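Worksheet: one structure, shown below.
The values are calculated or read from the model by the stated rules, or taken from the named source; none is laboratory data. In this text, all values refer to a predicted model and were calculated from it rather than measured experimentally. Here the Cβ positions follow ideal geometry from the backbone for every residue, glycine too, while neighbour counts run over all protein chains shown. We work out accessible area using only protein heavy atoms, side chains counted, and drop any ligands, DNA or RNA first. Shrake-Rupley method; radii C 1.70, N 1.55, O 1.52, S 1.80 Å.
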Amino acid sequence: MRYVLLHARAHALDTLRMPAYWAPALGFPLVFFLLFGLVNARRFADLGLGSEYAITPFLLYTTLNVTVASLAAGVAADRENPWEQRLRLLPLSPLTRFAGRMLYVLAFNVISWIPLLIVAAFTTDLRLSLLAWPVWLGAVVIGAIPFGLLGMAIGYRLAPQPAMMLANLLFMLLAFFGGLFVPVDYLPTALHAVVPYVPTYQYQYFVLALIDRADHLIGPSWVAFLLLAWTALFAVLARAAFRRDEGVRYG
């Protein structure tokens with residue numbers, strides 16, 4: 001665990017040296033929420049519902065954006081860095097380095113939520129108890145893990161530019177078909193039978209079900225457990241991509 005924390009700390013220090021990256025990343029969730037989410041939160045309030053119904057998709061959207069894109073682009077860029085070759089000589093398991101990078105990205109996500117949650121707490125009608133808050137935010141963090149594995153699979157498979165392009169494309173498709181941009185009811189009827197099997201929809205179901213707010217979602221509650229299957233699949237893809245990269249570079 002000590003080496004996982006050291007890897008996470010090293011990634012965090014590296015990020016601090018790049019304000020051009022972290023400043024927009026921290027401000028983006030708040031700006032996006034003010035432009036689009038605040039209206040939806042007030043609409044839910046008019047219906048007598050808490051704004052957590054509207055804020056949750058924004059948290060998931062921003063978390064996915066940081067998790068998938070930064071891991072795909074970050075891993076792909078590191079593979080081009082000579083320092084990465086020295087790191088691979090260290091007597092550490094790949095799992096330790098995977099976990100360190102994942103921990104750093106998830107922690108960065110939590111920090112990026114702070115401005116959004118502060119504004120939401122003072123301008124919208126959040127109806128969560130104090131006990132529900134850690135469950136809500138913890139579920140968002142845990143549910144992002146499979147998408148981090150997806151980002152790693154892309155990063156270990158492709159060069160930096162194609163990795164970033166594919167990550168952004170997948171992220172946009174998953175967000176749209178998972179009902180994060182618009183409610184599922186607004187999607188074409190033909191897609192309703194497919195949506196419950198999209199991992200981002202299961203992510204949303206998982207988070208909202210844990211705080212007892214999944215009443216407006218379609219599909220049976222067991223679809224949330226399908227996220228475990230996606231986690232296993234993305235883990236296999238990430239491991240295969242890593243092993244392939246090891247074979248190509250080091251024989």
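Report which label in (1) 37, 31, 14; (2) 33, 25, 15; (3) 33, 20, 16 holds the value of semi-axes √(5λ) of the Cα gyration tensor in Å derived from the coordinates of this structure.
Step by step, semi-axes √(5λ) of the Cα gyration tensor in Å for this structure corresponds to label (3).
Can you give the angle from 0 to 90° between the axis of helix 226-250 and the longest principal axis of the chain, with both taken from C-alpha atoms, to the nearest 10?
Computed tilt is about 20 degrees.
Determine how large the accessible area of L95 is when every protein chain is in place; take a 1.4 Å probe and give Å² rounded to the nearest 10.
Result for L95: roughly 130 Å² accessible.
Carbon and sulfur together cover what percent of the accessible area of segment 1-148 at a 1.4 Å probe radius?
Carbon plus sulfur share of accessible area: 72 percent.
What's the angle, to the nearest 10 degrees (0 to 90), between helix 52-64's Cα axis and the longest principal axis of the chain?
Value to nearest ten degrees: 20.
What is the distance in Å between the Cα centroid of segment 47-63 and that of segment 161-215?
14
With a 1.4 Å probe and all protein chains in place, put S51, S129 in order of accessible area, largest first.
From most exposed to least exposed: S129, S51.
Please list D215, D78, D14 in order of solvent-accessible area, largest first, computed with a 1.4 Å probe with all protein chains present.
Largest to smallest exposure gives the sequence D215, D14, D78.
What full-extension length gain, to one decimal in nm, is calculated for V194 and A240 as 0.36 nm per residue of separation minus the Cα-Cα distance?
Once the chain is fully extended between V194 and A240, it gains 13.8 nm.
Considering only protein heavy atoms, what per residue accessible area in square angstrom results for the chain with a 1.4 angstrom probe?
51
Could you give the angle, 0 to 90 degrees to the nearest 10, between helix 2-16's Cα long axis and the longest principal axis of the Cα atoms of the chain?
80
Report, in debye and to the nearest 20, how large the dipole of segment 57-164 comes out about its Cα centre when Lys and Arg carry +1 and Asp and Glu carry -1 on their Cβ.
260
Rank these by accessible area, largest first, 1.4 Å probe: E246, E52.
Heavy-atom accessible area, descending, gives E246, E52.
Whenever you get a sec, compute what percent of the accessible area on segment 156-251 sits on carbon and sulfur atoms (1.4 Å probe).
The computed percentage sits at 70.
How far apart, in nm, are the 7 Å Cα→Cβ label points at V39 and A232?
The two pseudo-label positions are separated by 4.3 nm.
To the nearest 0.05, how large is the calculated FRET efficiency for W222 and T123 if R₀ is 30 Å and r is the Cβ-Cβ distance?
0.25
So what is the relative contact order of segment 1-81, in percent, for Cα pairs below 8 Å that sit 6 or more residues apart?
Once divided by the residue count of segment 1-81, the mean separation gives 20 percent.
DSSP loop (so not H, G, I, E, B), at most 15 other Cβ within 10 Å: list which chymotrypsin sites (Phe, Trp or Tyr not before Pro) in segment 137-214 pass both filters.
F181
If you average the sequence gap of Cα pairs under 8 Å that are 6 or more apart and divide by the length of segment 89-209, what percent do you get for the contact order?
23
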